[in-house]
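Only one structure is covered here, and it is reproduced in the block below.
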Amino acid sequence: MKKRYILYRIARPIIKFFIKISFNPKIIGKEHIPLDGKCILAGNHTSNLDALLLMSTTKRTIRFLAKKELHKSIFGKLFESAGTIPVDRSKKDTLAKEKSISALTKGELICIFPEGTINRTSEVIMPFKYGTVSFAQKTNSKIVPFIIKGKYKFFRSRVKIKFLEPISLKTNNLEEENKKLMKIIKEELETNE
């Protein structure tokens, strides 16, 4: 067991229980998350609870990309020991990029919310940043798109997470691939399932 992920592994069953009891989410397609090997989970961002929801769906350790401000808070050491990768959203963060690529190269599972922040707009989805497709291209990793729908309401939630079939990049054109990924997720969000 990797020492730096001990907190994650201890916390995950507790988080899973909390999410199940509090929100009883509908989880669809978790079989699309590979049991091992490098992979990127990428989807829309609706709430601070999204990461906990994702943690409750797989036994694999997920390395989340998270804003650097979380790592500078009093809980900074907790985020660090849980394996999160801090991101400075005010610039092109080369260190976060290097850490993400290194994690994938080692066969780890990372999660990115390509919108870069929680969507508080009236739009279905906000424009995606290029990190997901860039990391996938540089490491030849598959991407498992996911969508989160519904609201987190204690004991009466209708939140749902759905993992879609893994995709691979078809071209070296990051702009085109980013648009494709965004289109897949947006169209799934717009369905009435």
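The values are calculated or read from the model by the stated rules, or taken from the named source; none is laboratory data. In this text, all values refer to a predicted model and were calculated from it rather than measured experimentally. As a convention, Cβ positions derive from the backbone with ideal geometry for all residues, glycine included, and neighbour counts pool all protein chains shown. Areas reflect the complete protein model, heavy atoms only, side chains present, ligands, DNA and RNA absent. Shrake-Rupley method; radii C 1.70, N 1.55, O 1.52, S 1.80 Å.
Quick rundown of the values:
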read-out	value
Rounded percent of accessible protein surface that carbon and sulfur make up, segment 125-193, 1.4 Å probe	50
Residue-level accessible surface for residue 174, protein heavy atoms, 1.4 Å, Å²	40
Largest to smallest accessible area among 59, 20 [probe 1.4 Å]	59, 20
Cross-link reach list, lysines versus residue 160, counting only Cα pairs under 16 Å and skipping chain neighbours closer than eight places	16, 20, 26, 30, 149, 151, 186
Average accessible surface area per residue within the chain, 1.4 Å rolling probe, Å²	57
Environment charge at residue 60 (Cβ cut-off 9 Å; Lys +1, Arg +1, Asp -1, Glu -1)	-1
Accessible surface of residue 105 - all protein chains present, 1.4 Å probe, nearest 10 Å²	100
Relative contact order (%) - criterion: Cα under 8 Å, at least six apart; region: segment 92-193	24
Normalised contact order of the chain, rounded percent, pairs of Cα under 8 Å and 6 or more residues apart	30
Accessible area of residue 123 in the full protein assembly, 1.4 Å probe (Å², nearest 10)	120
Per residue Cα convex hull volume in Å³ - calculated over segment 85-165	133
Among 98, 115, 80, residue whose mean-square fluctuation peaks in a GNM of the chain (springs only between Cα atoms under 10 Å)	98
